[in-house]
1. Suppose all protein chains stay in the model; what accessible area per residue would a 1.4 Å probe give for the chain, in Å²?
2. Name the residue farthest towards the positive end of the dipole of the chain from the options Q89, A213, G311, assuming +1 on Cβ of Lys and Arg, -1 on Cβ of Asp and Glu, about the Cα centre.
3. Given the options A377, A238, M62, identify the residue whose Cα lies farthest towards the positive end of the charge dipole of the chain (+1 on Cβ of Lys, Arg; -1 on Cβ of Asp, Glu).
4. Within the chain, what is the longest stretch that has no GluC sites (Glu not before Pro) placed in a DSSP loop and near at most 15 other beta-carbon atoms within 10 Å?
5. Work through the residues other than M62 whose Cβ is under 15 Å from its Cβ and net out their charges, Lys, Arg +1 and Asp, Glu -1.
6. Using a 1.4 Å probe on the protein heavy atoms, what percent of the accessible area of the chain belongs to carbon and sulfur?
7. Residues with beta-carbon under 14 Å from that of P197, excluding P197: net charge, scoring Lys, Arg +1 and Asp, Glu -1?
8. Taking the Cα centre of the range 169-256 as the origin, how large is its charge dipole in debye, to the nearest 20, when only Lys and Arg (+1) and Asp and Glu (-1) carry charge on their Cβ atoms?
Amino acid sequence: MPPIPRYRPQTGPAIFSAGFRPFFLAAAAWSALAVPLWLAAYLTSIDVPTLLPPAAWHVHEMVYGFAAATVAGFLLTAIPNWTGRMPLQGWPLAALVLLWAAGRVAVLFSSAIGAVVATLLDLAFPTAFLAVVAREIVAGRNWRNLPMLAALSLLFVGNLFVHLEVLGVGEVADLGNRLGIATLLALISLVGGRIVPSFTRNWLAKNEPDVPAPAGESGFDRGALIVTALVLLLWVFAPNAAITASALLVAGISVGVRLARWRGWWTRQEPLLLILHLGYGWLALGLLLLGLNRFVEALPATAALHALTAGAIGTMTLAVMTRATLGHTGRPLSAGLATRLIYTLVTLAALLRVLSPFAGNSLDLILWLAGAAWTGAFGLFVLFYGGALTRPRASEGAKPI
């Protein structure tokens, strides 16, 4: 029996031939626009016409807007490989992207259209996407990836909590945003734990055959994954408890030890691979800082939180988006000048945002610089990767981006 083709012949726009194309492009564009918009609302008199407070809107759009689109692009590309089924393409894919975009517009202009309409429009995308992923995993009997359904369900619930506060049901917006952040970090722990050592092993075998391979998956890795997930859940519901702080330190150490076993130092010659190790390193550092915040008064919680968000989530999303785009559009898996600049800018943005609470009178300047670096990183992704994402697959010999 011949193998199932990975993609159907596509006669429509190339951008709708695979899930990663529109969702990666939309995620990066929205991230590049939303951060300066939030900074303008936070630091100037510009009014954002949303019913959410500026800080809550900022977190919501980074988690349930930008990051959710990245997750969608990744899963819609990975699931056909997991299940052997045909991917979502063409107008069904375009409709899913339109639902996501409608949610962004609805939340931004919720003060004009009302909380109920904004809620319904914003929750339409995660509902539809959950249904699509559930159908594919169940139809393909891909039980190994059932945790993805759990993660998408948690993202839906977290998003709902944010809207419930706007609707006046209860003060649960912070809980909802923490649930979304924790779910994304758990996905980084799970998916990163699969792809980082795997990609590193393949690269070392080809380029550094004398270097020992990264440690294979073991009971320690599974234990670290479980501990991290449980500790993140504890942080969601009891962020200020003493036991949570201690548990976060344990989780941070376990993630750091796990990362150290993957030989990341030897990948420094290839930024496309090194950035994955750096993103996972931000996860370890952020968990440690969040735990230390309870015991060190001089360490603000916002510094730890941005190590996890701007650092781990921001870095890992760009690492995955650049690598997946290069690989799936027929380009060499190597970082060109533009890609290196993107990685440099997102790293600078994360560092500045983590250090901003210590800036004193220079806080506004540091925030603007961090925002400029963040927008530069994702804006450059749109600029330099947009062509690859909107045009048919490149022929052999294409240059790296």
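1. Values: 17310 Å² over 401 residues.
Each residue of the chain exposes 43 Å² on average to a 1.4 Å probe.
2. Going by the Cα projections, it comes out as A213.
3. Looking along the dipole axis, the top candidate is A377.
4. Here the longest run is 1-170.
5. Details: positive: R104, R178, R353; negative: E61, D122, D174.
Net charge in that neighbourhood comes out at 0.
6. Values: 11780 of 17310 Å².
Heavy-atom surface of the chain belonging to carbon and sulfur, 1.4 Å probe: 68 percent.
7. Values: positive: R194, R201, R222, R258, R261, R263; negative: E217, D221.
That sum, taken over residues with Cβ under 14 Å, equals +4.
8. Values: 5 positive and 6 negative charges, 29 e Å.
The calculation lands at about 140 debye.
The values are calculated or read from the model by the stated rules, or taken from the named source; none is laboratory data. Given the structure is predicted, the values throughout are model-derived calculations rather than measurements. With ideal geometry, Cβ positions are generated from the backbone for all residues, glycine too; neighbour counts draw on all protein chains shown. Surface areas here come from the heavy atoms of the whole protein model, side chains and all, with no ligands, DNA or RNA. Shrake-Rupley method; radii C 1.70, N 1.55, O 1.52, S 1.80 Å.
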